1. Name the residues whose placed amide hydrogens come within less than 5 Å of the amide hydrogen of Ile176, ignoring near sequence neighbours (fewer than 5 apart) on the same chain.
2. Extending each Cα 7 Å along its Cβ direction at Ala81 and Leu159, get the distance between those two points in nm, one decimal.
3. Could you list, in their original order, any pairs among Lys132/Lys161; Lys71/Lys174; Lys65/Lys174; Lys65/Lys132; Lys66/Lys132 whose Cα atoms are separated by more than 23 Å?
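Read-outs throughout are calculated quantities, based only on the coordinates presented, and are distinct from any laboratory measurement. Please read all numbers here as calculations on a predicted model, not as lab measurements. Cβ placement follows ideal geometry from the backbone for every residue including glycine, while neighbour counts extend to all protein chains displayed.
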Amino acid sequence: MVLNMQTSHCFQTASVLRTPSFASVKPRRVLGARTNTEYSKSTSRRSSLVVAKANVPGVELMMTKKPVTFKATDSIEAAAATFIEQGFSHAPVVDEEGVVVGVLSETDLLFGPGLVPDSGSPYADQKKIDAKTVNDSMTTGVISVEASTHFDDAALQMLEKKIHCLPVVDSSNKVIGIITRKDILRYTWRKVMQQ
């Protein structure tokens, strides 16, 4: 089978083409089309099985070590500035002891504190933003993993729970890293390219 990638408007589709396994001049025919999301879902379980067979170590090799963290009492304005300056999309929120209590994402920042206007005004409401803290926008009930968690288990958790990152914690639940979908994509892509 051959994948034929096409981009149209804001969607990317992959046409699945059947080609005979023997030499032939028969034309290929389109069997169907999939969006990026559909393709990721269908291939993720297969790629996690391939990775498991390859005896991949824990997420410690893929995670961002010592990630930027925030306290729940930090201002949204300072958090947004840090996200923009440092170019990341997720950050763990920790208590005074460094124990994970939440995750803050670009989506949380954008839709939580009033950055997106809701009153018909084309501008964000600065008063709402000034009054907000990370606690007001962060996601709680966070799923985290230990550094020894196998790559395929972390990837499967993200897929099944529809989350974009996992804080990596030590045995005391203190943040030592973070793994994102981008980290998983990067690692998987490298493995595929090495084959």
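1. Val168, Val169, Asp170
2. Spacing of the two 7 Å Cα→Cβ label points: 4.1 nm.
3. Too far apart for the 23 Å limit: Lys132/Lys161; Lys65/Lys132; Lys66/Lys132.
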